[in-house]
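This report concerns only the one structure given below.
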Amino acid sequence: MLVKNLDIENSIRYALLIEYNGSDLVGWQKQNEGMSVQRSLEEAAKNIFNQDFDIQGSGRTDAGVHALGQIAHINLPKGHRLTSRHPFYIISAFNSLLRDTNIRVISAKPVKPEFNARFSAIRRFYKYRILCRAAPPGLDNGKVWHFRKKLNISLMEEGVGHLIGRHDFTSFRTIKCQAKSPIRTIDNISFSRENEEVIMRVSAKSFLHSQVRIIAGTIVKIGDGTWNPDKILTILKGKNRNLAGPTAPADGLYLEKVKYPENLLNDQWPIIYENQQYS
């Protein structure tokens with residue numbers, strides 16, 4: 001018989017480390033149509049534990065966006081044969097049911113009941129991959145933004161310097177954004193070149209809808225010489241989405257990791273091997 005999700009007294013809260021290729025997904029959040037990460041995980045959990053679950057994630061990645069380190073939490077029943085054993089069995093059970101998707105549970109560990117994957121997060125880290133060459137991607141098709149021009153990283157660094165700190169980011173959010181305030185604080189934006197790719201990394205406690213993608217779409221106009229770096233100041237002050245660059249494709253965006261207070265969840269995720277040994 002199917003039972004409802006148990007209360008905290010009868011359960012153990014687990015944090016899950018999840019990766020996924022978002023190319024065929026509608027994003028993290030459950031939608032009326034299409035495959036989402038949240039629904040896929042909840043359906044897997046229901047099959048494993050024969051009860052309904054509400055799995056909460058650290059952030060709502062959009063359709064097509066990938067994740068290397070999405071975090072979620074779930075309350076699992078105490079005394080169950082899986083929660084009474086090594087976490088190897090929990091991730092194996094999930095991944096067995098997720099085998100036809102591009103979603104994988106990489107690691108799992110019990111956490112304090114007050115841990116919340118979304119509200120306990122203190123910093124989120126995203127990276128954006130831009131493939132700069134004439135030839136389109138082969139192996140990484142759907143995983144990078146193919147940009148046919150060379151980009152000047154020095155100019156891009158100068159431009160994004162204006163975005164660091166607390167600002168009104170009205171110009172850098174979509175009209176679909178439901179956030180009550182456009183005020184956000186960006187902690188850091190950096191660039192690196194890896195062979196033919198330019199990698200942008202951005203960190204902040206929270207982001208507006210498509211904010212990182214709009215930053216990427218704007219900053220390439222500085223990198224390719226279309227705009228000068230001080231254009232960012234004009235865009236910020238204008239508080240108008242039409243002033244910024246296009247929203248870059250979801251293909252190149254990755255939720256890289258999420259940071260929490262050490263007393264709730266540290267950064268050391270154990271790699272679990274088939275012989276059930278932690279690394």
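A short reminder: the numbers here are calculations on the coordinates, not readings from a lab. Everything numeric here is computed off the predicted structure, so don't read it as measured data. Here Cβ is always computed from backbone atoms with ideal geometry, including for glycine, and neighbour counts include all displayed protein chains.
Observations on the model:
- Principal axis extents of the C-alpha atoms in region 8-119 (largest first, rounded to whole Å): 37, 29, 25.
- Here region 170-226 is treated as a Stokes sphere of Kirkwood radius computed over C-alpha pairs; at 25 °C and 0.890 mPa s its diffusion coefficient rounds to 195 µm²/s.
- Residues of region 123-152 with an amide N closer than 13 Å to a point placed 7 Å from the Cα of Ser23 along the Cα-to-Cβ direction: 137-145.
- [x] 29; [y] 17; [z] 20, with the label sought being that of the calculated percent of Cα pairs over 32 Å apart: [x]
- A run of the chain free of exposed loop cleavage sites, with chymotrypsin sites (Phe, Trp or Tyr not before Pro) counted only in DSSP states other than H, G, I, E and B and at most 13 other beta carbons within 10 Å, reaches its longest extent at 120-272.
- When both region 206-249 and region 98-160 are represented by their alpha-carbon centers, they are found 18 Å apart.
- Stokes-Einstein, applied to the Kirkwood radius of region 154-279 over Cα pairs at a viscosity of 0.890 mPa s and 25 °C, places its translational diffusion at 152 µm² s⁻¹.
- In a fully extended conformation the segment linking Lys78 and Ala135 would gain 15.2 nm over its present Cα-Cα distance, using 0.36 nm per residue.
- GluC sites (Glu not before Pro) restricted to DSSP loop in region 175-279 with at most 12 other C-beta within 10 Å: Glu262, Glu274
- With a Förster radius of 41 Å applied to the C-beta separation of Glu43 and Arg201, the computed FRET efficiency comes to 0.80.
- With K and R counted +1 and D and E -1, the other residues having a Cβ less than 13 Å from that of Ala67 yield a net charge of +3.
- Taking every DSSP helix (H) stretch of at least 4 residues in the chain, weighting each as -39,500 (n - 2.57) and dividing the sum by the residue count yields a mean residue ellipticity at 222 nm of -5500 deg cm²/dmol.
- Qualifying trypsin sites (Lys or Arg not before Pro) in region 131-192, where qualification requires a DSSP coil assignment and no more than 10 other C-beta atoms within 10 Å, comprise Lys176, Lys180.
- Approximate spin-label separation Leu68-Ser181, in nm, with each point projected 7 Å along Cα-to-Cβ: 3.1 nm
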